[in-house]
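Report on the following structure.
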Amino acid sequence: MDLIVALGLIIFKVAFLIAILLLLPLPLTWLERKIAGHIQQRLGPMRVGWHGLLQPVADGIKLLTKEDHIPDEADRFLFKLAPILALAPPFVVFVAIPFGETVSVLGAEITLYVSNMNVALLFVFAVIGIEVYGVIFGGWAANSKYAVLGSLRTCAQMISYEIPMGFAVIGVVMLAQSMSLLEIVRAQADVWNIVYQPIGFLVFFVAGLAEAQRIPFDLSEAEGDLGAGFHTEYSGIRFAFFMISEYAVVLLVSVLVVILFFGGWNGVLIPLPPLLWFLLKVAFFVYLFIWFRFTFPRYRYDQLMAIGWKVLLPLSMANIIITGIVFS
């Protein structure tokens, strides 16, 4: 009986996570448009529902009912596979993400994570690296010059920024003496890692912006020169998969920044529930992603490569050396 209950609880947690991630674009697209509007001294969505609250629902209906167009010369198998490959990894990664310790429900202690892996950080980086295949396949299969250029840009960008992103967390692992995300948060019970790892945080966050392909690092889908980049030929629900994937990566990077550098669900000064602390911190970094989009201009491609290899990589390696010297 205990085994059945445990399996049922795991299935419920996984289903709940999938539902949240699938519905994530609804509030985030509305929030992004509203923030963009206020930054640009306009109102944003106002017509569909009160203050445009139903605009994301209207957009969702539009995407679900649009024609699913596949170009005549496209590789049909890869064209259909690409959105799934782009969507699946960000979802799978959340299996290893803890949102807190435990909560008591009807007298039973329930953990706020699906799996407590002792190599959770390694698992996250390994799985999220698969996402790039969806982008590459999508661009290549479409048999479009714009799409191919976008996918090639993405491939180079992902490689250039995943390396410093991986190096940036080594200092955190050295401090916590563990790759378990739970242990990393517990190690920050007194002092958050941002105090000891400001360089690591800077490198990780900037690389995270590039991994999420958000402005100023959205060269793979630059509207000005590539139409829409790797997903130029996609429409309807397949395009929606790419959009959901992007928002899932934004949420993932925000969650990782909070867990690795800002104490996870450990609060400070104000006595709030741990889960609320965690959600507030994540919401702040999601807001930063949106704010940056409407604040900074897009880099040139040579500048994007130079930042990855000539700035972030040396900084991340220097951070490892300094952490080893200071905390040895």
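The values are calculated or read from the model by the stated rules, or taken from the named source; none is laboratory data. Predicted model only: the values in this text are computed from it and were never measured. Heads up, the Cβs are rebuilt from the backbone with ideal geometry, glycines too, and the neighbour counts pull from every protein chain shown. Accessible surface is based on the protein model in full, side chains and every heavy atom, while ligands, DNA and RNA are left aside. Shrake-Rupley method; radii C 1.70, N 1.55, O 1.52, S 1.80 Å.
Couple of notes before you dig in:
- Among the residues listed as TYR234, TYR247, the single one being part of a helix (DSSP H, G or I) and at negative phi: TYR247
- Applying a threshold of 9 Å to beta carbon distances and a minimum spacing of six or more residues, or different chains, the list of pairs starting in the stretch 229-252 at a residue that is within 19 Å of ILE290 (Cβ to Cβ) and in the same structural domain as GLY139 (by TED's automatic domain parsing) and ending at one that is hydroxyl-bearing (Ser, Thr, Tyr) and assigned to a helix (DSSP H, G or I) reads MET243/THR29; TYR247/THR29.
- Candidates are the residues of the stretch 279-317 that are assigned to a helix (DSSP H, G or I) and of a type in the set (Lys, Arg); the one that is least open to solvent (accessible area, probe 1.4 Å) is LYS281.
- Restricting attention to the stretch 269-278 and to residues that are open to solvent by 20 Å² or more (accessible area, probe 1.4 Å) and in contact (Cβ under 8 Å) with a residue 60 or more places away in the chain, the residue that is farthest from the chain's Cα centre (by Cα) turns out to be PRO274.
Yes/no matrix, rows are residues, columns are (1) over 28 Å from ILE97 (Cβ atoms); (2) among the charged types (D, E, K, R):
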| residue | (1), (2) |
| --- | --- |
| LEU280 | no, no |
| TYR287 | no, no |
| TRP291 | no, no |
| ARG300 | yes, yes |
| MET305 | yes, no |
| MET317 | no, no |
| ILE321 | yes, no |
| GLY324 | no, no |
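- In the stretch 208-227, the condition of being of a type in the set (D, E, K, R), more than 20 Å from LEU21 (Cα to Cα) and touching a helix residue (DSSP H, G or I) at 6+ places or on another chain (Cβ under 6 Å) is met by at least one residue.
- Total residues in the stretch 156-172, condition closer than 30 Å to SER115 by Cβ and surrounded by fewer than 19 Cβ atoms within 10 Å (Cβ to Cβ): 5
- Helices (runs of 4 or more DSSP H) within the stretch 139-212 that include 3 or more residues more than 21 Å from LEU122 (Cα to Cα): 145-168
- The numbered conditions (1) closer than 20 Å to TRP309 by Cβ; (2) at pLDDT below 85; (3) not β-branched (Val, Ile, Thr) are all true for PHE167 except (2).
- Filter result (farther than 30 Å from ILE170 by Cα and aliphatic (A, V, I, L, M)) within the stretch 76-126: LEU78, LEU81, ALA82, ILE84, VAL103, VAL105, LEU106, ALA108, ILE110
- Any hit, the stretch 180-188, residues being among the polar types (S, T, N, Q), open to solvent by 10 Å² or more (accessible area, probe 1.4 Å) and in the same structural domain as ALA212 (by TED's automatic domain parsing): no
- Residue in the stretch 197-219 that is surrounded by fewer than 21 Cβ atoms within 10 Å (Cβ to Cβ), closer than 30 Å to SER144 by Cβ and of a type in the set (Gly, Ala, Ser) present: no
- Some residue of the stretch 117-140 being in contact with a Gly (Cβ under 7 Å, 6 or more places away or on another chain) and crowded, with 23+ Cβ neighbours inside 10 Å: yes
- Taking the stretch 1-94 as the region of interest, the helices (runs of 4 or more DSSP H) fully inside it that hold 3 or more residues being among the β-branched types (Val, Ile, Thr) and touching a residue at least 12 places away in the same chain (Cβ under 8 Å) are 2-23, 25-39, 76-93.
- In the stretch 88-115, of all residues being modelled with pLDDT of 85 or more and open to solvent by less than 20 Å² (accessible area, probe 1.4 Å), the one that is nearest to the chain's Cα centre (by Cα) corresponds to PRO90.
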